[in-house]
Amino acid sequence: MTRRLITFGAPVLVAAFLVAGVPNAQAAVAAPASASGRCAGSHLCVFQNSSFGGSYNQFTMPASGRCVDITGFSTANQVSSIDFPAPGSHQAWFYDAGHFVLSLNQNHYLKDLSKDTSASGGNANDKIDEVIIC
């Protein structure tokens, strides 16, 4: 797994993503605890199967005002559900071969990506190979 720290100031980063027109994912609000019951409260988890099943990767939150770009994780191109119980105001953007797929705010989850639309067309299931968390 490759983690690359991006050190833009938070206002610059937010402005860059808003200018790029990054939409927010439509997601159900999770309870304060993890929706999956498997993801630590200060992390973002991507699961191989829908309904938070199978193998998963767990990513920690970057320091305030920083972003981390994560590639090469074991469930890349197999992600079928996402749990993001981390407290605070972090957001995650998900990509497939450099193309934006979807984004997700903290305290939200997506239980079955085959039912969520990808910004690049079709559904978002098995299309994530890069995660940026800010």
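Read-outs: derived from the displayed coordinates by stated rules, not from any lab. Bear in mind the structure is a predicted one, so any value in this text is a computation, not a measurement. When we count neighbours, we look across all protein chains shown, and the Cβ atoms used for this are built from the backbone with ideal geometry, even at glycine.
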Number of the exception - K111 against (1) surrounded by fewer than 20 Cβ atoms within 10 Å (Cβ to Cβ); (2) in contact with a Cys (Cβ under 8 Å, 6 or more places away or on another chain); (3) of a type outside the set (G, A, S); (4) within 13 Å of A124 (Cα to Cα): (2)
Restricted to the range 94-107 and to residues being surrounded by fewer than 21 Cβ atoms within 10 Å (Cβ to Cβ) and assigned to a strand (DSSP E or B), the residue farthest from the chain's Cα centre (by Cα) is H99
Name the residues in the range 77-93 that are crowded, with 18+ Cβ neighbours inside 10 Å and more than 14 Å from L44 (Cβ to Cβ), would you? Q78, S80
